[in-house]
Amino acid sequence: MSYLINAHTHVIKQDHEAIHAAYQVADYALEGRNKRDQKQLLPIEEVELFSQKGLGGIRIPKRFGGAEVSNKTLAKVFRIINKADSSLGQIPQNQIALLNMINIMGSDEQKSFVFNEILNGKRLANGGPERNTKDTKTLETTLTIENGRYFADWLAIKAIHPEGYVVLTLVDRNAEGVEVIDDWNGFGQRTTSSGTVKIQHVEVNPLLIFDERLLGNQPNYRGAFSQLMQVAIDVGIAEAAFQDTLEAVHKARPIIDSGVDKASLEHFSLQEVGRLNILLDAAILLLDEAAEYLDELDQYPTVTDAQAAKASILMAEAKVYANDAALLISEKLLELGGSRASLSQHNLDQHWRNARVHTLHDPVRWKTYAIGNYYLNDAYPARHAWI
C-alpha cells in the first residue's frame, strides 16, 4: 500500500468514535464487496475511507495525539469491518501491528514523526516476509552504509544491519528502486493487494530505521496484539457466514423426507444452526476475554514474562475457536443453503474461500501445541508476531 495523505483525515479521540466509524466503513464496503471479489477489484475507495475516518491511528498513544482505544474496541472495529469485507479488513492490520512495534522500540523523535504521518492520513504497509528463503523469518535483505547514509538492497521493512542485527526500515512507496506488483492470485482474500514488493538500492532515511533488538529487551505482548487482529478477521468472516446461513436456510426448500413445509423447520438444520451459533458465540467471547486481558496489562508500566505468556495463550485459545468457526460456518452455509446457495451470483462461497486462505497464514495446529505445552509443562510460547 502506498503512503497517501488526505487533508480531510479525521482524528479519532474516543472509543465510541472508532466503533461508529467502523460501521460507516463497513456499510460502504459491503455495497461493492461481491463485485470486487468476483472481478478482483482492489478496494481503493474503501481503504481511503478507512483512513479518512481516522481508523488507521486508533491505537496511537494519546500523548502523540491518538485515541489509544482499548484492545477490546480494536477487536470490535476489526470484527465489524471484516464481517463486511474480510479482504478490506486484512489490509490495515499490518499497519496497526507495525505501529505497535514502533511504539515499543522507537525513540520519541521517531514515534512523533511516524505517528503524525499516520494521523495525517498516510498509510503504512508490510513489505515481508521474503520469498525463496528457508522460512518466513530468514532475511537476505541488507543495509549498507555509503558516505554515512543507509541503503536497502532487497526487500522493504526488515533488513540485516551491517553489524549483523535485524532492523525494521520504512521506505517511501514512491522512492526510486521500489517496485510494487499486484500479483496476488489466491482463491480467497482476493482483493487484499498482497502482491510482491521488489527493492533495489533504495535510500532509507536514518530516522526511519528501528533496531529490532529493542523488542526483546523486556517482555511485551506484541505477539498477542498482532494476533488479536488476526483472530478478529476470522471472527468477522464467521459472523458474515452465519448471517448468510440464516438467510440461506430461509430461502432453501425442505428435504422431502423432513415432513415440514419450510427448511427453517427441519430438525437437523435446527440442530446445526444451534451448534454454529454456540461456536460463534464462544469465539467472540474468547476474543473479548483475551482483549480484556491485554487492556489489563496496559495498566502496568511493565509486563512480566508470565503475563506476556498468558496473553499469548489466551489469544491462541481465541484463535483456535475463531479458526473453527470461520471454516465450519462458511462450509455449513453451503450445505444448509442447498444447491441454490452454490449459484455464482450469490457468491456465498467467498466466506469459505476467505476463511481457508486467511487461516493458512497462521495454522492453529501450532496454537494447540503451544496451549498444551503451557498448561502441561509450564512452557512459555515463543516471542514473535504469530503467537
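Brief remarks on what is shown
- Global geometry of region 178-281, whether rounded, prolate or oblate, following the gyration tensor of its Cα atoms and the 1.5 cut on a/c: oblate
- Peptide ranges 32-38, 259-265 listed from the most packed, as the mean C-beta count within 10 angstrom indicates: 32-38, 259-265
- Pairwise label distance in nanometres, residue 282 with residue 181, each label 7 Å out on the Cα-Cβ vector: 4.4
- Across the chain, Cα pairs under 8 Å and at least six residues apart give a relative contact order of 17 percent.
- An ellipsoid equivalent to region 15-119, defined through the eigenvalues of its Cα gyration tensor, has semi-axes of 26, 14, 11 Å when rounded to whole angstrom and sorted largest first.
- Highest to lowest packing among 360-369, 56-65, scored as the average C-beta count within 10 Å: 56-65, 360-369
- Excluding exposed DSSP-loop GluC sites (Glu not before Pro) (at most 11 other C-beta within 10 Å), longest clean stretch of the chain: 177-387
- Label-point separation in nm, residue 271 to residue 62, each point 7 Å along Cα→Cβ: 5.3
- Within a Gaussian network of the chain (alpha carbon springs, distance under 10 Å), most fluctuating of 294, 228, 336: 336
- Top positive-direction residue, dipole computed over region 15-119 with Cβ charges, set 42, 57, 73: 73
- Computed E for residue 174/residue 35 - FRET, C-beta separation, R0 25 angstrom, nearest 0.05: 0.30
- Across region 51-114, C-alpha contacts under 8 Å between residues 6 or more apart give a mean separation that, scaled by the residue count, equals a relative contact order of 27 percent.
- Between 0 and 90 degrees, the angle of helix 350-360 with respect to the longest Cα principal axis of the chain falls at about 40 degrees.
- Within region 218-377, the proportion of C-alpha pairs whose separation exceeds 21 Å stands at 52%.
- With a cut-off of 14 Å between beta carbons, the residues surrounding residue 59 carry a summed charge of +2, where Lys and Arg count +1 and Asp and Glu -1.
- Value at 222 nm in deg cm²/dmol, rounded to 500, when DSSP H runs of n ≥ 4 in the chain each add -39,500 (n - 2.57): -17000 deg cm²/dmol
- Efficiency of FRET from Cβ geometry, residue 10 and residue 198, R₀ 30 Å, rounded to 0.05: 0.30
- Calculated on alpha-carbon atoms, Rg and Dmax of region 1-76 in Å: 13.4, 43
- Remark on the chain: ratio of C-alpha radius of gyration to 2.2 N^0.38 Å is 1.03.
- Against the chain, whose longest principal axis is taken from its Cα atoms, helix 93-105 shows a tilt of about 40°.
- Sequence-distant contacts, meaning Cα pairs under 8 Å at least 6 residues apart, place the relative contact order of region 218-377 at 36 percent.
- Compared with the dominant principal axis of the Cα atoms in the chain, helix 108-119 is inclined by about 40°.
- Only Lys, Arg (+1) and Asp, Glu (-1) charged, at Cβ; region 23-81 dipole about Cα centre in debye: 300
- Surface/4 estimate of mean projected area, convex hull on alpha-carbon atoms of region 79-122, nm²: 3.4
- R0 of 25 Å, Cβ-Cβ distance residue 165-residue 109: FRET efficiency to nearest 0.05: 0.75
Values in this text are rule-based calculations from the coordinates and carry no lab data. Small disclaimer: the values here were computed from a predicted structure and weren't measured. Virtual Cβ from ideal backbone geometry, glycine too; neighbours counted across all protein chains shown.
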